[in-house]
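Taking it in order: structure first as structure tokens, then the write-up.
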Amino acid sequence: MQPEEVLELMRSAPQRYETVRAALRYRGDGAAIKAARDRYLASELGRLETQGLPWSPLEGGHPESDGPFGWCCRVWYAGVNPVGGGGRYRVELVLPEEVLPGGGTHVYAWDGAGAVLDRRTGGAPSGDDPKWLRLARDAFWTTYPFDPDGISGLPHFLDELDLRVEGVTRKAGREAIRLVGVPVEEWEHDPEPLRWGADEYEVLVDAQRGVLLRCASRMAGEDFDALEVQEIHFDERLPEGVFTAFEPLPWG
């Protein structure tokens with residue numbers, strides 16, 4: 001399979017399922033992310049975006065930890081929205097006890113018709129969150145694997161890399177195509193969810209459904225930003241009220 005075929009498979013992902021239930025894990029290296037951002041801000045693109053003004057990580061919305069950090073979540077996603085406007089989602093962010101004593105779960109959801117749920121159960125109040133946990137509460141970072149073209153435009157960014165297919169592997173019990181790319185020249189836009197400044201990018205694409213099972217930015221052969229699927233199920237009948245229920249749902 002050629003890289004162009006894999007990108008087209010990603011673009012068609014929402015046509016290949018009705019619902020997804022998945023468990024995801026994110027891991028990042030704050031020091032490496034900050035170093036990559038410094039290079040970005042020193043680039044022509046960075047200068048144009050900031051217009052030469054001082055930039056603060058708190059104002060910019062990317063307040064990573066200084067060292068390794070991460071989180072886990074559970075996602076229910078319906079790609080077909082009867083009222084339009086994109087997929088409906090429910091994300092249950094499992095709050096890390098080593099960071100927030102008592103742990104708990106933060107639920108955020110959208111029912112596709114305008115109702116938004118943003119509620120915490122157990123653990124410390126949200127005002128006690130480390131600033132980097134705000135990223136985990138942004139649905140962009142937890143739902144783009146299921147619609148990588150529509151939500152993030154990821155195939156466009158990948159298409160600007162020197163891409164190669166490195167065979168087939170398995171991830172979360174699924175057959176996956178490994179696609180690796182290296183930068184050829186600077187992007188004209190910030191390539192979120194990829195991290196600007198990496199020397200290599202890797203995605204694992206479900207060979208049947210086209211969704212992402214892994215997306216990683218790498219430097220010197222090591223991940224410094226990676227979201228990966230740990231468990232995934234397609235086309236289940238979702239529970240009644242899945243996108244509006246206040247309390248955490250049973251898993252499975």
Dipole magnitude of the range 3-234 about its Cα centre (Cβ charges: Lys, Arg +1; Asp, Glu -1), debye to nearest 20:
960 debye
Residue 211 long-range amide H proximity, modeled H, under 5 Å
206
Residue separation times 0.36 nm, minus the C-alpha to C-alpha distance between residue 166 and residue 47: what's the value?
39.3 nm
Does the range 67-146 classify as rounded, prolate or oblate by the C-alpha gyration tensor (a ≥ b ≥ c root eigenvalues; a/c under 1.5 gives rounded; else a/b over b/c gives prolate, otherwise oblate)?
prolate
Any idea what the dipole of the range 115-154 comes to, in debye rounded to 20, about its Cα centre with Lys/Arg Cβ at +1 and Asp/Glu Cβ at -1?
200 debye
Report relative contact order for the chain in percent, whole number only (criteria: Cα-Cα under 8 Å, sequence separation at least 6).
26 percent
How much net charge surrounds residue 173 when only the other residues with a Cβ under 12 Å from the Cβ of residue 173 are counted, with Lys and Arg +1 and Asp and Glu -1?
0
Compute the separation of the alpha-carbon centres of the range 1-35 and the range 128-202 and state it in Å as a whole number.
6 Å
Could you run the Karplus curve 6.51 cos²θ - 1.76 cosθ + 1.60 with θ = phi - 60° over the range 152-158 and give me ³J(HN,Hα) per residue in whole Hz, x for Gly and Pro?
10, x, 4, x, 4, 5, 5
Got a sec? How would 95, 213, 41 order by Cβ neighbour count within 10 Å, fewest to most?
41, 95, 213
When 98, 4 are arranged by how many other beta-carbons sit within 10 Å of their Cβ, fewest first, they go 98, 4
Near residue 227, within a Cβ-to-Cβ distance under 15 Å, what is the net charge of the other residues, with Lys and Arg +1 and Asp and Glu -1?
-3
Proxy exposure order for 246, 69 (fewest C-beta within 10 Å first) is 246, 69
With bins of 10 Å, the percent of all Cα-Cα pairs of the chain per bin from 0 is 7, 30, 35, 24, 4, 0
May I ask you to work out the translational diffusion coefficient for the range 116-187 at 10 °C, viscosity 1.306 mPa s, via Stokes-Einstein with Rh from the Kirkwood sum over Cα pairs, reported in whole µm²/s?
101 µm²/s
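Here, each number is a calculation from the coordinates, and none is a lab measurement. It should be emphasised that the depicted structure is a prediction, and the values quoted were computed from it without experimental measurement. Here the Cβ is made from the backbone with ideal geometry for all residues, glycine too, and neighbour counts use every protein chain on show.
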